[in-house]
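The values are calculated or read from the model by the stated rules, or taken from the named source; none is laboratory data. Bear in mind the structure is a predicted one, so any value in this text is a computation, not a measurement. Backbone-built Cβ (ideal geometry, glycine too); neighbour counts: all protein chains shown.
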Amino acid sequence: MFVKGLYMLLAQDAGVSAIAGSGIYFILQPKGTSVPSVVLSCVSTGDLYSMAGNTGLRDGLWQIDCYASDYYSSNALMLAVRDLLENYTGNLPDADATEIISSIVEKSWDMPYEPGGKGFIFRSLLEVRFRYYDTSLPVSTPSNPVAIIDGGTGDGNDTGVMTEAIVDGGTT
């Protein structure tokens, strides 16, 4: 499961855990917990469909907030998260070994400080777009997994540069 895998990836990273420790949360940081910390929020997701139905490929935009008691620490935590996730590909450490196809940092910026009970905390923010195979989605299997793409014109003026490509999506 992507959500669990993302959490585990951040928690197991030496750079992130050296700053945030175990302070990784979803959506809201519980009241009374300490900073530095990371808060993960799913902004949006979308699934890729073919003519045969859902392909299993999902696009997800995630907001990652990095909080600390001073600017330099919130920025250092954001940079540690960015170093880990920017251009990340491969399998996440979740039970399903969710496959990440791409990870793109779309935005990185400093946010105004957050007022708290005893002062304020600083926040640095990332928006990261992931493309991954979601193993929880039912995936369509086409009845005819072979497609032939013919790039020729079929007449005497055919240059022969590309005559035919066979794309086989089957397992046999």
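Residues that are under 16 Å from VAL128 (Cβ atoms) and either crowded, with 18+ Cβ neighbours inside 10 Å or more than 16 Å from the chain's Cα centre (by Cα) (or both) within the range 28-42 comprise VAL38, VAL39, LEU40, listed in sequence order.
Look at ASP134 and say whether it is touching a helix residue (DSSP H, G or I) at 6+ places or on another chain (Cβ under 7 Å) and modelled with pLDDT under 95. Yes, satisfied. Pairing residues of the range 52-63 that are among the hydroxyl-bearing types (Ser, Thr, Tyr) with residues that are part of a strand (DSSP E or B), at Cβ distances under 9 Å and at least 6 apart in sequence or on separate chains, gives THR55/ASP47; THR55/LEU48; THR55/TYR49; THR55/TYR133. LYS4 passes every criterion in (1) assigned to a strand (DSSP E or B); (2) in contact (Cβ under 8 Å) with a residue 60 or more places away in the chain apart from (1). VAL139 meets each of the listed conditions (1) assigned to a loop (DSSP other than H, G, I, E, B); (2) at pLDDT 90 or above apart from (2). Taking the range 17-126 and the strands (runs of 3 or more DSSP E) fully enclosed by it, the elements with 1 or more residues that are more than 21 Å from GLY5 (Cβ to Cβ) and at pLDDT below 95 are at 37-50, 53-68, 99-116.
Condition (residue is farther than 18 Å from ILE104 by Cα and under 17 Å from the mean Cα position of the chain (by Cα)) applied to the range 56-72: is it met by at least one residue? Yes.
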